[in-house]
Amino acid sequence: TASAPLRVSVTSQSLLSSMAHASSAPMSLSSASRTLGRQPRDGVAAVVAVNEDNVKRMLAYSSVGQIGYITLGLAMATLSGVTGGYLHILAHGITKGALFAAVGAIVYRTAGSARLADFAGIGRRMPLTMTAFVIAALSLVGIPGTVGFLSKWYLVLAAIELGWWWLAAIIVLSS
């Protein structure tokens, strides 16, 4: 027989309660497999982002992969994992906001074009904007000293706490 879809109701009380017990109830290996089973979609989005000519679309596609990190952190259900997931929401919001703001300024300066080819030489014409863009991009990748690094650090710690060294390696290599 087909099972009915699971309906979940989340209240602030249930969320706080689950967070309080997160370190004592890590997800099972089968739950991790289901969560990681969603990751290929994130990898496809990353490939599409790299091959995209429109910079605004490139940034939007890269968000799908970043959402994978958030989902993974919350699904690990450890204190470090949940911290990493929520911190990644903050990190992603700040860095992606800065990237879109910089791209918006560049598009304004290049007569409305968001094509990557039209960005040639923009670093010489808009050095401060491109400096902000590079710093935000480094944070998105997770370079040490940025908020993006901090969130991924917590995700790696959660994987190590669960004894999943292979997952820690995947997080590091995919950053």
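The values are calculated or read from the model by the stated rules, or taken from the named source; none is laboratory data. Bear in mind that the values here come from a model prediction, so they are computed numbers and not experimental data. Glycine gets a Cβ as well: all are built from the backbone with ideal geometry, and neighbour counts include every protein chain shown. Just so you know, the surface numbers come from the protein's heavy atoms only, side chains and all, with ligands and any DNA or RNA stripped out. Shrake-Rupley method; radii C 1.70, N 1.55, O 1.52, S 1.80 Å.
Restricting attention to region 104-119, which residues are in a loop (DSSP other than H, G, I, E, B) and among the aliphatic types (A, V, I, L, M)? Break it down into steps so the answer makes sense when it comes.
To start, the set of residues in region 104-119 that are in a loop (DSSP other than H, G, I, E, B) comprises 110-114.
Scanning region 104-119 gives Ala111, Ala114.
In this structure, does Arg125 turn out to be open to solvent by 70 Å² or more (accessible area, probe 1.4 Å), within 24 Å of the chain's Cα centre (by Cα) and modelled with pLDDT under 95? Before you say what the answer is, go through the steps one by one.
On the way: open to solvent by 70 Å² or more (accessible area, probe 1.4 Å): yes; within 24 Å of the chain's Cα centre (by Cα): no; modelled with pLDDT under 95: yes.
It is false that Arg125 is open to solvent by 70 Å² or more (accessible area, probe 1.4 Å), within 24 Å of the chain's Cα centre (by Cα) and modelled with pLDDT under 95.
For region 107-118, give me each residue that is farther than 24 Å from Ile143 by Cα and not acidic (Asp, Glu).
Selection gives Val107, Tyr108, Arg109, Thr110, Ala111, Gly112, Ser113, Ala114, Arg115, Ala117.
Anything in region 101-122 that is of a type in the set (Gly, Ala, Ser), touching a residue at least 12 places away in the same chain (Cβ under 8 Å) and open to solvent by less than 50 Å² (accessible area, probe 1.4 Å)? List them, or say none.
Ala102, Ala105, Ala114
Of all the residues that make up region 120-170, how many are hydrophobic (A, V, I, L, M, F, W, C) and not in a helix (DSSP H, G or I)? I'd like the intermediate steps shown before the answer.
Taking region 120-170 as the starting set, the residues that turn out to be hydrophobic (A, V, I, L, M, F, W, C) are 120, 122, 126, 128, 130, 132-138, 140-141, 143, 147, 149-150, 153, 155-160, 162, 164-170.
From the residues that got through so far, the ones that are not in a helix (DSSP H, G or I) too are 120, 126, 143, 162, 164.
Total meeting the criteria: 5.
Inspect region 50-70 for any residue being open to solvent by less than 40 Å² (accessible area, probe 1.4 Å) and acidic (Asp, Glu) and give the result as yes or no. Spell out how you get there, then give the answer.
To start, the set of residues in region 50-70 that are open to solvent by less than 40 Å² (accessible area, probe 1.4 Å) comprises 52, 54-55, 59, 62-63, 65-66, 68-70.
After this cut, where a residue has to be acidic (Asp, Glu) as well, the list is 52.
So far as region 50-70 goes, yes, one or more of its residues are open to solvent by less than 40 Å² (accessible area, probe 1.4 Å) and acidic (Asp, Glu).
Restricting to region 72-100, name every residue that is open to solvent by less than 50 Å² (accessible area, probe 1.4 Å), free of Cβ contacts under 8 Å to residues at least 60 places away in the same chain and farther than 17 Å from Ser139 by Cα.
Within region 72-100, Ala75, Ala77 qualify.
What pairs come up if the first residue lies in region 129-144 and is farther than 15 Å from Val172 by Cβ and open to solvent by less than 70 Å² (accessible area, probe 1.4 Å), the second is not aliphatic (A, V, I, L, M) and not in a helix (DSSP H, G or I), and their beta carbons are under 8 Å apart, counting only those six or more places apart or on different chains?
From residues that are farther than 15 Å from Val172 by Cβ and open to solvent by less than 70 Å² (accessible area, probe 1.4 Å), the pairs are Ser139/Thr146.
Only one of (1) open to solvent by 20 Å² or more (accessible area, probe 1.4 Å); (2) in contact with a helix residue (DSSP H, G or I) (Cβ under 6 Å, 6 or more places away or on another chain) is not met by Ala159, so which one is it?
(1)
Of the residues that sit in region 92-149 and are polar (S, T, N, Q) and in contact with a helix residue (DSSP H, G or I) (Cβ under 6 Å, 6 or more places away or on another chain), which one is farthest from Asp53 (Cα to Cα)?
So the first thing to find is which residues in region 92-149 are polar (S, T, N, Q), and the list is 95, 110, 113, 129, 131, 139, 146.
Now narrow it down to the ones that are in contact with a helix residue (DSSP H, G or I) (Cβ under 6 Å, 6 or more places away or on another chain): 95, 110, 129, 139, 146.
Numbers: Thr95: 20, Thr110: 15, Thr129: 20, Ser139: 22, Thr146: 27 Å.
My answer is Thr146.
One residue is enough: does region 62-84 have a residue meeting the conditions outside any helix (DSSP H, G or I), modelled with pLDDT of 90 or more, under 21 Å from Tyr154 (Cβ atoms) and in contact with a helix residue (DSSP H, G or I) (Cβ under 9 Å, 6 or more places away or on another chain)? Step through it out loud before you land on a result.
In the first step, residues of region 62-84 are kept if they are outside any helix (DSSP H, G or I); the result is 77-78.
When the remaining residues are screened for being modelled with pLDDT of 90 or more, the result is 77-78.
With the extra rule that they be under 21 Å from Tyr154 (Cβ atoms), the set shrinks to 77-78.
Now narrow it down to the ones that are in contact with a helix residue (DSSP H, G or I) (Cβ under 9 Å, 6 or more places away or on another chain): 77-78.
Yes - at least one qualifying residue is present in region 62-84.
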